[in-house]
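Inspection log for the structure reproduced underneath, given as structure tokens.
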């Protein structure tokens with residue numbers, strides 16, 4: 001390999017992936033992690049776009065989803081048992097662990113801090129993923145800043161399920177552990193099974209835990225059923241938890257706070273390596289407030305409220321994307337985040353993605369993300385909520401249920417929430433009418449109140465490209481797929497289709 005050459009790593013989290021990524025970056029090369037279960041079209045699209053000449057794959061699934069057309073110089077596979085006659089240059093990863101035939105050839109120890117070492121693709125919620133170019137300085141500036149704020153060392157234990165192709169897990173959590181010499185445990189269900197997470201929790205007794213609100217909610221649903229599990233989870237060594245991607249519901253925050261376990265929330269983007277702000281555990285957490293800038297990072301608001309960032313954490317730019325680069329920075333070099341925010345005494349308050357705000361037919365602006373967050377925080381039986389209404393006379397909502405809870409919940413109120421605990425989707429329909437009417441009363445502007453909702457008994461998924469690999473909704477894709485259901489909410493004579501429950505609101 002030559003300086004600056006790239007290797008795509010197409011694999012779930014595992015030891016070999018970490019070894020390879022660190023070796024590449026320390027030697028002046030560029031690691032390019034991609035989601036382990038992308039289909040062939042997406043995997044090959046990103047491999048080609050990255051212009052990587054080398055590829056590492058986990059095993060059979062990944063090798064089956066690439067073709068010889070990629071014209072790669074070399075492919076390495078982690079699983080020893082995997083072979084494929086289509087690729088004569090396929091080699092085992094274990095070959096890289098053998099002693100070099102030429103002992104004089106050593107990694108370059110003089111890699112400059114500004115050298116690009118990591119290409120990470122964005123989640124693609126608003127379209128095709130963009131390739132973010134990050135340097136050693138970008139990544140390590142985060143850790144220098146967090147050392148000022150946190151007290152972590154070699155005695156700490158991490159239990160990790162966040163994927164490394166995504167900045168929250170692959171930069172922020174991973175390098176927090178490495179930088180401080182902590183022990184890093186890979187969660188064996190990759191965050192998919194709350195019961196397994198708790199079994200691993202019992203083994204590891206993590207001192208810190210990084211995750212997203214949906215995982216915390218799923219864990220609490222299990223904890224509430226067993227006092228022994230509750231004691232295991234809230235063990236004396238748990239220093240703090242960190243949450244990102246969406247606000248942690250107030251009821252869950254309260255459960256941690258009443259046990260004197262600090263809850264930190266952060267905000268940032270892949271383009272900012274990723275963290276820009278972190279909340280102060282000594283200040284009362286407020287909905288939507290994501291804290292103040294970490295040391296070294298500066299924030300400001302544009303005239304339209306867009307948050308702009310300046311600091312050592314800001315990327316070098318997007319790879320091979322002149323259009324995106326042209327709009328990414330201001331004339332004086334500040335990064336345009338695309339998020340609308342507001343400064344408060346407690347810190348930055350997030351309002352919405354700039355491209356999610358829409359206008360009604362009367363010209364009034366609606367911020368859909370505020371209502372979406374309220375619905376999902378109020379009702380654990382709703383996995384995803386999407387508010388639409390651009391060009392229409394009023395907003396409507398598409399709601400997707402969390403069907404797994406129907407089987408696990410008991411009659412009566414759900415623990416840690418205000419939810420009454422419906423037993424099936426028909427009960428949920430009636431329950432939601434009451435909740436949505438109550439949430440509407442909290443909205444001051446009459447034009448912004450939701451008039452109708454469609455409860456759709458279908459799953460959003462990575463496979464049908466309605467969710468990103470980091471489990472974020474892709475609004476345009478969902479809006480296109482469920483366009484008929486949206487139309488039916490504006491015209492009572494139109495049928496909404498099968499497995500759809502229409503809720504008319506006062």
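Part of a helix (DSSP H, G or I), at pLDDT 95 or above, assigned by TED's automatic domain parsing to the domain that holds residue 78 and in contact with a strand residue (DSSP E or B) (Cβ under 8 Å, 6 or more places away or on another chain): which single residue out of 20, 55 fits that description?
20
Looking at this structure, is residue 11 out of contact with any strand residue (DSSP E or B) (no Cβ under 9 Å at 6 or more places or on another chain) and either in the same structural domain as residue 461 (by TED's automatic domain parsing) or touching a residue at least 12 places away in the same chain (Cβ under 8 Å) (or both)?
no
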Within segment 219-230, can one find any residue that is within 30 Å of residue 129 (Cβ to Cβ), without any contact (Cβ under 8 Å) to a residue 60 or more places away in the chain and either part of a helix (DSSP H, G or I) or out of contact with any helix residue (DSSP H, G or I) (no Cβ under 7 Å at 6 or more places or on another chain) (or both)? yes
Checked segment 190-208 for anything part of a helix (DSSP H, G or I), at pLDDT below 95 and closer than 23 Å to residue 265 by Cβ; matches are 194
Restricting segment 152-186 to residues that are more than 17 Å from the chain's Cα centre (by Cα) and in a loop (DSSP other than H, G, I, E, B), the residue that is nearest to residue 273 (Cα to Cα): 180
Give the residue, chosen from 156, 226, that is farther than 16 Å from residue 13 by Cβ and surrounded by fewer than 17 Cβ atoms within 10 Å (Cβ to Cβ). 226
Among (1) assigned to a loop (DSSP other than H, G, I, E, B); (2) surrounded by 17 or more Cβ atoms within 10 Å (Cβ to Cβ); (3) touching a helix residue (DSSP H, G or I) at 6+ places or on another chain (Cβ under 8 Å), the one test that residue 124 misses: (3)
Output the residues belonging to segment 475-495 that are assigned to a loop (DSSP other than H, G, I, E, B) and surrounded by fewer than 20 Cβ atoms within 10 Å (Cβ to Cβ). 491, 492, 493, 494, 495
Taking segment 134-152 on its own, how many of its residues are surrounded by 20 or more Cβ atoms within 10 Å (Cβ to Cβ) and out of contact with any helix residue (DSSP H, G or I) (no Cβ under 8 Å at 6 or more places or on another chain)? 4
Would you confirm, using the coordinates I've provided, whether residue 388 is within 25 Å of the chain's Cα centre (by Cα) and at pLDDT 90 or above? yes
What pairs can you find where one residue is in segment 95-106 and under 14 Å from residue 80 (Cβ atoms), the other is surrounded by 10 or more Cβ atoms within 10 Å (Cβ to Cβ) and at pLDDT 75 or above, and their Cβ atoms are less than 7 Å apart, with a gap of 6+ or different chains? 96/76
Scan of segment 438-457 for residues that are in a loop (DSSP other than H, G, I, E, B) and either crowded, with 19+ Cβ neighbours inside 10 Å or in contact with a helix residue (DSSP H, G or I) (Cβ under 9 Å, 6 or more places away or on another chain) (or both), ordered by number: 442, 443, 449, 450, 451, 457
For residues that are touching a strand residue (DSSP E or B) at 6+ places or on another chain (Cβ under 8 Å) and more than 17 Å from residue 385 (Cα to Cα), tally how many sit in segment 441-470. 1
Looking at this structure, is residue 129 over 21 Å from residue 309 (Cα atoms) and either crowded, with 22+ Cβ neighbours inside 10 Å or modelled with pLDDT under 95 (or both)? no
So residue 282, is it surrounded by fewer than 15 Cβ atoms within 10 Å (Cβ to Cβ) and either at pLDDT below 95 or outside the structural domain of residue 146 (by TED's automatic domain parsing) (or both): yes
Sort through 76, 35 and tell me the only one that's more than 26 Å from the chain's Cα centre (by Cα), buried (at least 19 other Cβ atoms within 10 Å of the Cβ) and outside the structural domain of residue 189 (by TED's automatic domain parsing). 76
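Do any strands (runs of 3 or more DSSP E) entirely within segment 293-405 hold 3 or more residues that are in the same structural domain as residue 142 (by TED's automatic domain parsing), and if so, which?
Of the strands (runs of 3 or more DSSP E) lying wholly inside segment 293-405, those with at least 3 residues that are in the same structural domain as residue 142 (by TED's automatic domain parsing) span 298-301, 306-310, 335-344, 347-353.
The values are calculated or read from the model by the stated rules, or taken from the named source; none is laboratory data. Predicted model only: the values in this text are computed from it and were never measured. All Cβ positions, glycine included, derive from the backbone under ideal geometry; neighbour counts span all protein chains shown.
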